[in-house]
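Student: Pasting a structure below so you can have a look.
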Amino acid sequence: MHQELLINGVFIGGPCDGSIGKTQHYAPYDGKLVGTAAEAGWSEFDAAIDAAEEAFKTWQFSSFHDRAALLAKINYLIQDHYHELTQLMAMEIGKPITQAEAEVTRLALTFRLASQLALTYKPKNVDVSLDHRSDGVKVTTTRVPIGPILAIVPYNWPFNLAAHKIAPALAAGNTLVIKAPSTGTLCTLLLGRLIHQAGCPDGVINVLNGPGVLAQKAAQDKRIKMLSFTGSPKVGWMLKELLPFKRVSLELGGDATCVVAEDADIDTAVEKLVPGAFSNAGQICISVQHILVHETKYDEFKTKFVRATEAVKTGDPLDREVICGPVLTDDAADKVMALIDDAESGGATILTGGQRTGRVIEPVVIENPTRSMRVGCEEAFGPLVTLQPYTTDQEAIDWINASDFGIHAGLFTNDEARIQQFFEQLEIGGLIVNDSPSLRFDAMPYGGVKKSGFGREGVENTFHEMTEDKVLLIRSSH
């Protein structure tokens, strides 16, 4: 497979085009070549920004009905190419095929949600009647697009996390320059091709593969009005420092903790938390990294969780029984192994797992970590989870709040007072009750606090992030 750049409605960098560089993309599971992609230099980035700026002059005035129709067409095309998309994702990033299928299903849904939002969007009336000056006055506000947006997409969700930037931007009337991930590149470029095939006007979406240094230069370009970034905290916060006066949305890392209270259903908690920790080899920002279990239920949970972990099938992502495939790179695998070694040398116990074959690591359960260990203060982003007992609810809350991250946390309980206490006191973006903190619905607000970033995704929330209120006040002349 070969994928080209999309700039101003033209595909650039075909396999025989010697003027454009190429990158090669290998399967993380077996190292086989999956495909090649055209690679942009600054001239291609510059042309893409120019195209987005020019297209915005007309696209911003397109009707919501036309935008909704385009988004609906994209949804249908994704469904038509379901098999092609899922197979490519499983091969290129090693996401197990059943999880790849789930992502592509959500990909289509994300465009459908944006289409519905565009169809139902209406300006809002503002009630100013309490002010004595308001006789004969009518005030409305409309959300208007802000202009060309640079969207930087992560490798672990190269379809749906791209869609969470693209779909709301199109619904709002913005134009985009998409920077595909350095791995997962073929997936995001293919998505751009489908959006073009759906009839997206030239220049409204431009999709590039290129080095991060050029994306950084593009982010600083005055023609770009907003940066939407999903990726590592190190890169995200560096970019934010470079853009003090530009609109920025950051979706960064996490180390999600789940608390299993004394009244929890242990079997349900185990059933939810095993895939929550090890799906996609833990390469999810809200993957379960820490589990705290009330001391009265700890031994029961520990026995059942370890047994269930040892039953998790690893290996070939095209095997429908595999839950935990490979991590994406050798460096990622090395980091997971280093976290295990650091925890063990610091006094923690390895309950199961940790054997490595290539980039496949058997799911690891580490007992009794501390926040001073690397696994206690860094995002693992691998098939690793820690386990420890707790005594009081406040102890569990304090453990979670000691983290530098804060996207989701989980809580298994049926005690409404406990739910409210955790919800009010936790420094996080969202609390997931009686399910894994890795659960996310595409319609709900999603994002973090502290080093996990700021801003909220979710189709409607991103629509608001990518627009601003424009006020119309009319005083009757009669």
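All of the numbers you see were taken from the coordinates with simple rules; none came from a lab. The shown structure was predicted, so the numbers you read here are calculated from the model rather than taken from an experiment. Ideal geometry is used to build each Cβ from the backbone, glycine not excepted, and the neighbour counts take in all protein chains shown.
Student: Which cross-chain or sequence-distant (5 or more) residues have an amide H under 5 Å from the amide H of Lys22, H modelled 1.01 Å from N in plane?
Tutor: When sequence neighbours closer than 5 places are left aside, the close amide H contacts are Glu39.
Student: Could you pull out the pairs from Lys122/Lys165; Lys165/Lys470; Lys225/Lys246 whose alpha carbons sit more than 18 Å apart here?
Tutor: On the way: Lys122/Lys165 21 Å; Lys165/Lys470 22 Å; Lys225/Lys246 7 Å.
Pairs exceeding 18 Å: Lys122/Lys165; Lys165/Lys470.
Student: How big is the range 257-441 along each principal axis, measuring the range of its Cα positions in Å and listing the largest first?
Tutor: Here the spans come out as 47, 35, 30 Å, largest first.
Student: Right, here's the next one. Sticking with the crude label model, points 7 Å out along Cα→Cβ, report the distance from Ile266 to Leu439 in nm, one decimal please.
Tutor: Reported label-point gap for Ile266 and Leu439 is 2.2 nm.
Student: Once amide H atoms are placed 1.01 Å from N in the peptide plane, what residues at a sequence separation of 5 or more from Ile366, or on another chain, have their amide H within under 5 Å of its amide H?
Tutor: Those qualifying (amide H under 5 Å, at least 5 residues apart or on another chain) are Leu351, Val385, Thr386, Leu387.
Student: Taking Rh as the Kirkwood radius, which is the inverse of the mean 1/r over Cα pairs, what is the Rg/Rh value for the range 66-221?
Tutor: 1.10
Student: Still on this structure: Which distance in nm do the two modelled labels at Arg133 and Lys222 give, with both placed 7 Å along the Cα-to-Cβ direction?
Tutor: It works out to 3.4 nm between the two label points.
Student: Run the reach check for Lys272 against lysines, Cα to Cα strictly under 28 Å, same-chain hits fewer than 8 apart removed. What comes back?
Tutor: Within reach: Lys95, Lys297, Lys302, Lys304, Lys313, Lys335, Lys450, Lys451.
Student: Arg371 label point, 7 Å along Cα→Cβ, cut-off 15 Å on backbone N: hits in the range 395-418?
Tutor: The answer is 395-406, whose backbone nitrogens lie closer than 15 Å to the label point.
Student: Would you mind checking which residues have amide H under 5 Å from Ile428's amide H? H placed 1.01 Å from N; only 5 or more apart, or other chain.
Tutor: Result for Ile428 returns nothing.
Student: Could you work out how much longer the chain between Lys57 and Thr140 gets when fully extended? Use 0.36 nm per residue separation minus the Cα distance between them, nm to one decimal.
Tutor: Taking Lys57 through Thr140 to full extension adds about 27.5 nm, to one decimal.
Student: Still on this structure, I have one more. For Rg and Dmax of the Cα atoms in Å, pick the label among (i) 23.5, 82; (ii) 22.5, 76; (iii) 22.8, 68 that corresponds to the value derived from the coordinates.
Tutor: (i)
Student: Given the -39500 (n - 2.57) contribution per DSSP H run of 4+ residues, what per-residue ellipticity at 222 nm results for the chain, rounded to the nearest 500 deg cm²/dmol?
Tutor: So the calculated ellipticity at 222 nm is -12500 deg cm²/dmol.
Student: Given an 8 Å cut-off on Cα distances and at least 6 residues of separation, report the relative contact order of the range 257-441 as a percent.
Tutor: Details: 370 pairs, mean separation 53.3, N = 185.
It rounds to 29 percent for the range 257-441.
Student: As a test, work out the antiparallel percent of DSSP beta bridges whose residues both lie in the chain, rounded to the nearest 5.
Tutor: Here the share of antiparallel DSSP bridges comes out near 45 percent.
Student: Which of the peptides 188-197, 97-106 is most tightly packed, and how do the rest follow, judged by the mean count of other Cβ atoms within 10 Å per residue?
Tutor: Answer by packing, highest mean first, reads 188-197, 97-106.
Student: Compute the label zone of Lys124 within the range 54-80: residues whose backbone N is under 15 Å from the point 7 Å along Cα-to-Cβ.
Tutor: none
Student: 7 Å from Cα along Cα→Cβ at both Lys470 and Trp237: what's the point-to-point distance in nm?
Tutor: 3.7 nm
Student: Moving on. Calculated FRET efficiency, His2 and Met337, Cβ-Cβ r, R0 35 Å, to nearest 0.05?
Tutor: Taking R0 as 35 Å, the efficiency between His2 and Met337 is 0.55.
Student: Thr392 to Glu300: FRET efficiency via 1/(1 + (r/R0)^6), r the Cβ-Cβ distance, R0 22 Å, to the nearest 0.05?
Tutor: E between Thr392 and Glu300, to the nearest 0.05, is 0.70.
Student: Now, a different point. Once you keep just the Cα pairs under 8 angstrom separated by 6 or more residues, what percentage relative contact order results for the chain?
Tutor: Reported relative contact order: 18 percent.
Student: May I pose another question? In the chain, which whole DSSP H runs stretch at least 15 Å along their own axis (Cα) and average 0.5 or higher on the Kyte-Doolittle scale?
Tutor: Sorted by number, the helices that extend far enough and score high enough are 97-120, 160-172, 185-197, 266-278.
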